[in-house]
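Asker: Dropping a structure here in structure tokens format, bear with me for questions.
The values are calculated or read from the model by the stated rules, or taken from the named source; none is laboratory data. All values derive from a computational prediction rather than experimental measurement. Virtual Cβ from ideal backbone geometry, glycine too; neighbours counted across all protein chains shown.
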């Protein structure tokens, strides 16, 4: 397994997460949730956090399935770096929801 394979997997997970952002709206648009109590000032930030968590979880699960080992520090760095690099794409997908 090379660093490029890990980076490719990280970007695949981000692509999948972007395709799922519309579903986040269905799951999390609940008027009974007190986002202010959770410290969420903007709804778009709530969705961005959910997207980061989703991509990270998918990455960890799929990395383990593909390479039969848990992610190490370099693997975690790959997903975080990819998320930072593609953050504007995530925000754009959230913006398309009208949030």
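Asker: Among the residues of segment 62-84, write down those that are part of a helix (DSSP H, G or I) and either out of contact with any helix residue (DSSP H, G or I) (no Cβ under 9 Å at 6 or more places or on another chain) or on the phi > 0 side of the Ramachandran plot (or both).
Answerer: As a first pass, look at segment 62-84 and keep what is part of a helix (DSSP H, G or I): 62-67, 73-84.
The answer is 64, 65, 73, 77, 84.
Asker: Sticking with this structure for a sec: Just the residues that are touching a residue at least 40 places away in the same chain (Cβ under 8 Å) and within 13 Å of residue 10 (Cα to Cα), please, taken from segment 57-74.
Answerer: Once the filter is applied, which keeps residues that are touching a residue at least 40 places away in the same chain (Cβ under 8 Å) and within 13 Å of residue 10 (Cα to Cα), segment 57-74 yields 58, 59, 62, 63, 66, 74.
Results for (1) under 27 Å from residue 7 (Cβ atoms); (2) in contact with a strand residue (DSSP E or B) (Cβ under 7 Å, 6 or more places away or on another chain); (3) modelled with pLDDT under 95; (4) buried (at least 19 other Cβ atoms within 10 Å of the Cβ), shown as yes or no for each residue.
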site	(1), (2), (3), (4)
34	no, no, yes, no
38	no, no, yes, no
42	no, no, yes, no
47	yes, no, yes, yes
52	yes, no, no, no
57	yes, no, no, no
62	yes, no, no, no
67	yes, no, yes, no
75	yes, no, no, yes
